[in-house]
Amino acid sequence: MSETGNFISIIKSEFPDDRLTYQKAVPTFHPESADEAARLFKLANQYGQKMYITGFGNNIDPVGQPFVDMVSIRTDRLNTVLEIAPKDFYITTGSGYPLQEINLQLERIKLYLPHSSLPYVGSVGGAIATGLSAELDGHDFPLKKYFIKAEIVTPKGDIINPGSICFKSVSGYDLVKIFSNSWGLLGLIVSASFRILPSTAKADSSSMKMNAIDRENFLAGLAESNNAPDAVYSRKLKAKFDPREVLPVV
C-alpha cells in the first residue's frame, strides 16, 4: 500500500465514514468543523501527507498526475450563515457558503455586501483565497476591503482567529488580510466575517465589474527566481505558516 493509501486508512479510522469521498479519483476530505480540519492537518504533518485545498473546485479542480499522491480538502459542508449582526454591520458565514447568496440573506434586512452581486459562482472561502476583486470607477475594488475576521486552520493544525468585528481595532497590519489571494497555501479558511453596508449604498458600487482571477501572477511571486520584495516576503510567509510543506505549490 502506498503512503497515501496508508493515510486514507488513517482518515477512515479517525473520522466518520462520510467525511471522505473520491472526486475524479482524488481522495477528498469534507470537514464539518474547524476541529475536524485541525485534526486532519495534524495527522498530515505527522505522516508527511501532502494536501490541497479546492473549496468548491470551481477555480481549480485537482486532476491529473500532480495530484496522484495528494488528498484534497473541500469546504462544501461548511455552508451555513453563522451570524448576521444588523446593528454592528457584519455577517459571518462558513467558507463553503456561496458568495452570491449572501445578498439574498441580507436584502430582507436592507443590508448588502457589494461583491455578492458579482458573477462569481464560487464559495466565500474561494472568493477570499483567489483575491476576488472588481473595478469601480477606474480603481481596484477588492473583496478584502470588507473581509474583517476569520476562523482559519493553519497547515500546522492550529486554529486561529485573526481580525476583528470592531469598527476600529488595534493599529498595525491586519493579519486577516494576508489570507486574501493566498490560494489555499496558508491554511484552510473555515469561516469569514464581512463588513456589510446599508442597501441605500448600492448605487455607489452599481458600476463595478469583476476582474479576471489571476493565479499565474500569484504563483510567479512564489518562484525562487523572483527577487522582488513582495515575492521574497511571500515565500517567508509561506515557510512560516507551512514549514513542512503540507500544502505544496502545485
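Sort the stretch 36-105 into rounded, prolate or oblate with this rule: let a ≥ b ≥ c be the square roots of the eigenvalues of the Cα gyration tensor; rounded if a/c is under 1.5, and if a/c is not under 1.5, prolate when a/b is larger than b/c, oblate otherwise. Don't jump to the answer; show the numbers that get you there.
On the way: a/c = 4.49, a/b = 1.91, b/c = 2.35.
It comes out oblate by the Cα gyration axes.
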In Å and whole numbers, how far do the C-alpha atoms of the stretch 81-215 stretch along each principal axis, longest first?
-> 43, 35, 29
In vacuum, with every alpha carbon of the stretch 1-130 counted as one equal point scatterer, what does the Debye formula give for log10 I(q)/I(0) at q = 0.21, 0.22 Å⁻¹? Two decimals, please.
-> -1.17, -1.25
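Label the chain by shape, choosing from rounded, prolate and oblate, from the square roots a ≥ b ≥ c of the eigenvalues of the Cα gyration tensor; if a/c is under 1.5 it is rounded, and otherwise prolate applies when a/b is larger than b/c, oblate when it is not.
Working: a/c = 1.82, a/b = 1.48, b/c = 1.23.
Taking the square roots of the gyration eigenvalues as a ≥ b ≥ c, the chain is prolate.
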Taking the Cβ-Cβ separation of ALA231 and ASP204 as r and a Förster radius of 41 Å, what is the calculated FRET efficiency to the nearest 0.05?
-> 0.75
Once both labels are modelled 7 Å past Cα along the beta-carbon direction, what's the ASN161-VAL250 spacing in nm?
-> 3.2
Relative packing of peptides 78-91, 127-140 - highest average C-beta neighbours within 10 Å first | 127-140, 78-91
Beta carbons within 10 angstrom, averaged per residue: use that to sort the peptides 9-16, 243-250, highest first.
-> 243-250, 9-16
Please work out the FRET efficiency for the pair ARG108 and GLU224, using the Cβ-Cβ distance as r and a Förster radius of 45 Å; give the result to the nearest 0.05.
-> 0.35
Per-residue [θ]222 nm for the chain (sum of -39500 (n - 2.57) over DSSP H runs n ≥ 4, rounded to 500) = -6500 deg cm²/dmol
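By average Cβ neighbour count within 10 Å, what is the ranking of 26-38, 175-187, 97-109 from highest down? Walk me through the numbers before you get to the answer.
Details: 26-38: 19.1, 175-187: 21.2, 97-109: 17.2.
Result, highest mean Cβ count within 10 Å first: 175-187, 26-38, 97-109.
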Rounded Å value of the spacing that divides the Cα centres of the stretch 173-250 and the stretch 93-124 | 19
Hey, can you grab everything whose amide H is under 5 Å from the amide H of ALA134? Only 5+ residues off in sequence or another chain; H modelled, so Pro and N-termini drop out.
-> PHE141, LEU143, ASN211
Once you sort the root eigenvalues of the Cα gyration tensor of the stretch 33-77 as a ≥ b ≥ c, which label holds: rounded (a/c under 1.5), prolate (a/b larger than b/c) or oblate (the other case)?
-> oblate
Would you kindly derive the ³J(HN,Hα) couplings of the stretch 76-83 from the backbone phi angles with the Karplus curve 6.51 cos²θ - 1.76 cosθ + 1.60 (θ = phi - 60°), listing them in order in whole Hz, with x for Gly and Pro?
-> 5, 9, 9, 10, 10, 7, 8, 6
Relative contact order (%) - the chain, alpha-carbon pairs under 8 angstrom, separation at least six | 21
Projected area averaged over orientations for the stretch 3-74, convex hull of C-alpha atoms, nm² | 4.5
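Could you work out the relative contact order of the stretch 81-215, using alpha carbon pairs under 8 angstrom and six or more residues apart, expressed as a whole percent? Could you put the intermediate results ahead of the total?
Working: 254 pairs, mean separation 44.0, N = 135.
So the answer I get is 33 percent.
The numbers here are math on the coordinates, done by the rules we state, and not lab data. Just so it is clear, the structure is predicted and the values come from calculations on it, not from any experiment. Glycine also receives a Cβ, built like all others from the backbone with ideal geometry; neighbour counts cover every protein chain displayed.
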